[in-house]
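Worksheet: the structure to be examined is printed underneath.
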Amino acid sequence: MFSFVVYYVNTLLIDTYLLFTPQMVEKGGTLLKGLEISVAEAEKRTGKNAVSIQETYTVYLIETRAVDNVSEVANPTPDSLWRRYSEFEIFRNYLLVTYPFVVVPPLPEKRAEFVWHKLSADNMDPDFVERRRVGLENFLLRVASHPVLSNDKIFYSFLTQVFFVLCLLFCVGFFEMKHYGDELQSVISQLLRVRARVADRLYGVYKVHGNYGRVFSEWSAIEKEMGDGLQSAGHHMDAYAASIDDILEEEEHYADQLKEYLFYTEALRAVCRKHELCQFELEMAAQDLISKKQQREELATGTVRTFSLKGMTSKLFGQETPEQRETKLKTLETQIEEGEEMVKERTAECDEFVKNAWEDIERFREQKDRDLKEALISYAIMQISMCKKGIQVWNNAKECFSKM
Amino acid sequence: MMSGTVTDNNTPTATKPEDLAGQVLDLDEDDDLEVFSKDATFMDGSSFNSPMPTSPGSMVNQYKFEEEEEVPDTKDIFVTVDKPESHVTAIETFITYRVLTKTSRSEFDSSEYEVRRRYQDFLWLKGKLEETHPTLIVHPLPEKFVMKGMMERFSDDFVETRKRALHKFLNRIADHPVLSCSEDFKIFLTAEELGTHKKQGPGFLSRIGDTVRAVAASVRGVRTRPEEFIAIQDYVEAFSQKMTSLDKVTQRIIKEQKEYSEELGEGSPVYTKWSDIEDELMVPLKLMASCLDRCHRESEEQVLQLSNSLLPTLHEYVLCTDTLKAVLRRRDNIQAELEAKTETLAGKKTEAEAEVESKVLSLAWDSLVGKDPDEVRQQRQQKLKGEMKEIKEEIDKMDDRLEWANNALKADWNRWQERMRADLRSVFNRTAEKNVEYYEKCLAVWESFLLSQKTEDSEGDNILDS
């Protein structure tokens, strides 16, 4: 489970990644054509982690070189940044959440589990690190060559931006919350079912003892010396049989407490879905903005980057007049302005939602932990009470039996 | 009245008595008892015919002796049944049990015997004892087949339960003042091969004759059953019903308890699964899972006690009521036979009296066939007198036999009641104890859970304080 320190999304970062150079993205094509990617090196680092404990970890160098589309020659000086394995994980989780219909490429193994000739799973082992480096590079290349994934803007910022977009963390957080909600619902349902069956059986056990009461009573009528002992033992058996009603009623409280959290999971899921919706709307606005900007660029430079019917027809039927182009540009500018406003709005909405939702989720989590712990304790107390009653009844019965 | 305690395990309990010789001498000094104990029909070889003790008074004395004396804690014969073994032959597969006897009684040549017996052999012994002592109460044997189909004939459980029941059966006989002195019992404990002994005994035809007589007598019924036996009969009827009910109830409880225990066991893995998806709650949930698991195991143990101890005992007493009914029937038969004989005698008397006033017709007939009527009459009178004398003698014997049978039954009935009371009291006591134990163990489990949670809380508080 994640533990989050930062609550809100840095809006500046969103702006930044939205406004990357359009020529890096080719609609319908793949990023691979425009960018050379490699995981060049691996290094050991030590530092303080989220809970302020010193730890050693490995970082990997991601190098990107822009490829000139015309000459197909790579820029000699690459851009680079260091990332550690857990950041790759976060990024991949984001892909899983955002593209549920895609078979997302896997990461190399987290721990050195399947190393055949090593005696211990050592993540610092140089062979392991090297093989991981290759695996991580492979992962990035796979994503870059995927028709859908390669267009993802977060992918680009993962490759190039030092400040990784933090809202990604929240995507994962919400995803995991949703998953938790599902699991909790399943577990509590099972528990409630088992509890109901157990209660049923226990009821049976206690009630059948009532028959002892009846038979003892009848039997005592034909006995001389044993009569009294049997009669009183019979009364205790009756009391025993009757006691189950109260016991089970108390247990119902426990069931009710569980049920409350069963229904809570529904609400939890609703919040996660709302987050998905917010995110989706933001992405739609962002997509729209990007495409408008692309169009502007095309018009401004006269180059056709993307394959479009319009582009083809204009080639076939001749290009527009400068006046037409001017009008078009003006419209686009307005649209872009509106689009940017929309994105800002949506981002702020997302922001606000995420901040509040996550706060409440944290609150909910603490409440749940408290409540359920109390529920468990009160269950134990009930069991203790039941046991004490049982001890009393049977001790009494024993006394009666010894008088037989 | 009881000369020892019956244990469920196979090891004999009490140590051998020291003053044994003195005890045996006591018995011998009583003339009546000596006569009784030397009575061939009772003690030795000829357990073939229904025994007619020469002095019924001695029988009564025997029981009086027992009642007046304090219950001796000394036991001079120890029998254990153990080591079941499976035997396979061409025809059948069966189980034999080792019967180990340790005794200091003088009637036994050695002080230790070890033989192997199968269920059939126990059946033989029971039959012989019932034949010899029709109105003594012999503890029931476990049933021949298990009708419920719950257990296989050779399953460990079945064999174990049967072994315990057989052990109890033999020990009850060993504890019985009269039955333990039975020659058949001795043969059972000591003979290497029972086969030859089994073949001896009343011939097939004479056994048939006995059965026919018994059936005829039971069909005939008793004229006036003495009140005390009516009371016993009524009690046995009612007791039988109660025992059957208790048997059923206990079986039901066992069934419910087993199912409860199963369901309880299903809860534990769910809590474990839950603990896997939690952080803060992981520890208490894991603890919860382990608590449920422990309670589940305690519950299983509790059921064992019910099935291994309470249920078999109740079942034994259900079987006992069949034995009691049979004993009462046999007593009735003895009485019925006596009454039949008495009627026959009365019939003969009537005949004799009628003979005095003979009819003209018979005289006429006699003179026709050339017999002197007076002579004939005299002959007939003599014959009748002879017959009546015979019948009267038989009646005397049967009267004695009935009186003895009644007394034996009365005495043994008291003994049985005491035993029953002790048995049932003890087994119910033990059941209650076990139940208390079960609840105490579960209590400890849950209290430890509470304790651990409270400790965690207090630790948490400490951290906050600092």
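Every test in (1) open to solvent by 30 Å² or more (accessible area, probe 1.4 Å); (2) touching a Gly at 6+ places or on another chain (Cβ under 8 Å) is passed by A:VAL198 save one, and that test is (1).
Please tell me if A:TRP394 is farther than 30 Å from B:ASP423 by Cα and among the aromatic types (Phe, Trp, Tyr). Against the criterion (farther than 30 Å from B:ASP423 by Cα and among the aromatic types (Phe, Trp, Tyr)), A:TRP394 does not qualify. Among the numbered conditions (1) within 30 Å of A:LEU282 (Cα to Cα); (2) open to solvent by 70 Å² or more (accessible area, probe 1.4 Å); (3) within 14 Å of another protein chain (Cβ to nearest Cβ), the only one that A:GLU345 does not meet is (3). Applying the selection to region B:405-436, what residues are out of contact with any helix residue (DSSP H, G or I) (no Cβ under 8 Å at 6 or more places or on another chain), more than 26 Å from B:GLN335 (Cβ to Cβ) and surrounded by fewer than 17 Cβ atoms within 10 Å (Cβ to Cβ)? B:ARG421, B:ALA422 - these are the residues of region B:405-436 that are out of contact with any helix residue (DSSP H, G or I) (no Cβ under 8 Å at 6 or more places or on another chain), more than 26 Å from B:GLN335 (Cβ to Cβ) and surrounded by fewer than 17 Cβ atoms within 10 Å (Cβ to Cβ). Please verify whether A:LEU258 is within 13 Å of another protein chain (Cβ to nearest Cβ), of a type in the set (A, V, I, L, M), assigned to a helix (DSSP H, G or I) and under 30 Å from B:GLN241 (Cβ atoms), treating the condition exactly as stated. Here the answer is no, as A:LEU258 does not meet what is asked. Confirm whether A:PHE216 is crowded, with 20+ Cβ neighbours inside 10 Å and either facing chain B (nearest Cβ under 7 Å) or within 16 Å of A:VAL271 (Cβ to Cβ) (or both). No; evaluated as a whole, the condition is false for this residue.
Here A:SER243 passes the criteria (1) within 13 Å of another protein chain (Cβ to nearest Cβ); (2) among the hydroxyl-bearing types (Ser, Thr, Tyr); (3) within 43 Å of the chain's Cα centre (by Cα) except the one numbered (3). Can B:LEU306 be described as open to solvent by less than 50 Å² (accessible area, probe 1.4 Å) and more than 8 Å from chain A (Cβ to nearest Cβ)? Yes, satisfied.
Within region A:392-404, residues that are facing chain B (nearest Cβ under 7 Å) sit with their Cβ atoms under 7 Å from residues that are open to solvent by 60 Å² or more (accessible area, probe 1.4 Å) and not basic (Lys, Arg), at 6+ positions apart or across chains, in these pairs: A:LYS398/B:GLU433.
The set of residues from region A:270-282 being surrounded by fewer than 17 Cβ atoms within 10 Å (Cβ to Cβ) and not hydrophobic (A, V, I, L, M, F, W, C) comprises A:ARG273, A:LYS274, A:GLU276, A:GLU281. Residues considered: A:GLU283, A:GLU298, A:GLU345. Of these, the only one that is part of a helix (DSSP H, G or I) and modelled with pLDDT of 80 or more is A:GLU345. Considering only residues of region B:249-261 that are at the interface with chain A (Cβ under 8 Å from one of its Cβ atoms) and open to solvent by 30 Å² or more (accessible area, probe 1.4 Å), which is nearest to B:LEU310 (Cα to Cα)? Here the residue is B:ARG252. Screening the candidates A:ASP351, A:ASP371, A:ASP360 for the property of being crowded, with 16+ Cβ neighbours inside 10 Å and more than 9 Å from chain B (Cβ to nearest Cβ) yields one hit, A:ASP351. With respect to (1) assigned to a helix (DSSP H, G or I); (2) modelled with pLDDT of 75 or more; (3) open to solvent by 70 Å² or more (accessible area, probe 1.4 Å), the lone exception for A:GLU89 is condition (3).
The values are calculated or read from the model by the stated rules, or taken from the named source; none is laboratory data. All of these numbers come straight from a predicted model, not from anything done at the bench. We place every Cβ from the backbone using ideal geometry, glycine too, and count neighbours over all the protein chains shown. When the accessible area is computed, the model is the full protein with side chains, heavy atoms only, and any ligands, DNA or RNA have been set aside. Shrake-Rupley method; radii C 1.70, N 1.55, O 1.52, S 1.80 Å.
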